[in-house]
Structure formats: structure tokens, C-alpha cells
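Only one structure is covered here, and it is reproduced in the block below.
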Amino acid sequence: SQTIHQWPATLVQPVGSPLSLECTVEGTSNPNLYWYRQAAGRGLQLLFYSVGIGQISSEVPQNLSASRPQDRQFILSSKKLLLSDSGFYLCAWSLHQSVPGTSAENEQFFGPGTRLTVL
Amino acid sequence: RKEVEQDPGPFNVPEGATVAFNCTYSNSASQSFFWYRQDCRKEPKLLMSVYSSGNEDGRFTAQLNRASQYISLLIRDSKLSDSATYLCVVSGGNTDKLIFGTGTRLQVFP
């Protein structure tokens, strides 16, 4: 069965410090991978998604970047954190579809999340 | 107009009650529809997919109306453990992306 891991679970960082959050998936190959942020009391905002190694699409202009150095590894980074970067960061995976949007079975499965507080 | 709209609630219902949540979406090209459940300070978890013919999973029934671009979730015989936020989720047309509603909060009381 497939599992998805994220670490760390919680993080408190000062403004201006760097960030690296890691996500790994087991039990599947060539998944689509996603990074979301959920601010307190808000909905899920898609930050990045990746359909393969080295392929990253950014959804919103921001202070963050993403990388996919291996098939089942997805990393979220920042060189200098801002106060507004605080939030609950969620990684998700879904099955890769040969033609995007053609299958109803594109549900996403989430990792346990990282709760980031920037002070 | 938001891509996915839900009543934020909260819906406060007694144990054993039946409660229904509605959701509307704006992209007529959307092909996939889901309900997710999110407990406080936890990740969202897939509750059920929503099919055109409607589908049922135990006490939960989901329905889709493509013409009205409307999705519903019905929970029968509510349990205390059903207390959570329910997220309506719709695919973004011909992409692998999903659009999440902001959720409807349900609180079941004894």
C-alpha cells in the first residue's frame, strides 16, 4: 500500500531564516506530487505541483520554491522566510494520468502536514 | 465567483440527526468530484468520490447534478465522531489539479 511522509511535524523559525520541508511517497511510482498551504481558518491553497522528476509548476507567485530531485521526493524551500509564510503545509500525491483530466480516479492523498510558525 | 463554494457552517446537530451539505462549482469542464473530511489540525482525508449516478457508503450519500453544477453530501444517523470539517473538491477541468472548497464545519452534540 502507498504511504506518504512529511517532516518535520512542527517547526518554529525566525523571519529571514531558510526553510526546507521534505515529503516522500512509498509504494507507488511516478506519482503526481503537490504542495499546499492552509492558513489558519482558510482553505487549501495549491502552491506547486509536479508530474515528474525536475518538473515543477508554480501556482502562485511567492517566497517559496519546490524541487523534485527523485521520483518520490518533493521538497519545499525558502531562502528567507516571511511572517506570512506561517501555516500548515501539506504534501499530497495522486496517480499519474497519461492524459491529464481524463480519469475520474485522480483523488489526492495527503501527508500528515508540517505546521510552520514564523516569528 | 469562487471556483468551489460551500456554506462554512457550523452545523450543530444532535446525535442521530440527518444533515446535508451542499456545494456549487463554477467550471463546467470538471470531471472529478470528491468529499474530503478534515479533523482539527489534521490533514484532509478522502471520504468518498462522487459519481454522476449518485453513490452511497454506509451512512453517507453523495449526489452530483452536472446541469446545476451542484454536489451534495447527506449524513444519516450522525455520530459524535462525524464532527469535522467537510471539504467539497472538484477537478480543475483537463488538469490533474483539484480545487478545494473552504469546508463546512459539522459539530454533533450528545
Exercise for the section: Go through the residues of the stretch B:43-59 one by one and say whether even a single one is modelled with pLDDT of 95 or more, within 10 Å of the chain's Cα centre (by Cα) and charged (D, E, K, R). Expected result: no
Practice task
Determine whether residue A:29 is in a strand (DSSP E or B) and among the hydroxyl-bearing types (Ser, Thr, Tyr).
Solution key: no
Practice task
Give the residues of the stretch A:1-26 that are within 22 Å of residue B:36 (Cα to Cα) and part of a loop (DSSP other than H, G, I, E, B), sorted by residue number.
Solution key: A:1, A:2, A:9
Handout entry: residue A:37, sole failed condition from (1) within 11 Å of the chain's Cα centre (by Cα); (2) among the basic types (Lys, Arg); (3) in a loop (DSSP other than H, G, I, E, B)
Key = (3)
Exercise for the section: Provide a single number: the residues in the stretch A:51-68 that are facing chain B (nearest Cβ under 10 Å) and of a type outside the set (Asp, Glu). Expected result: 2
Fill in the blank from the handout: Taking the stretch A:40-77 and keeping residues of a type in the set (Val, Ile, Thr) and assigned to a strand (DSSP E or B) leaves A:51, A:56, A:75
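The values are calculated or read from the model by the stated rules, or taken from the named source; none is laboratory data. As the structure is a computational prediction, the values presented were derived from the model and not from experiment. Reconstructed Cβ throughout: ideal geometry from the backbone, glycine too, with neighbour counts over all protein chains shown.
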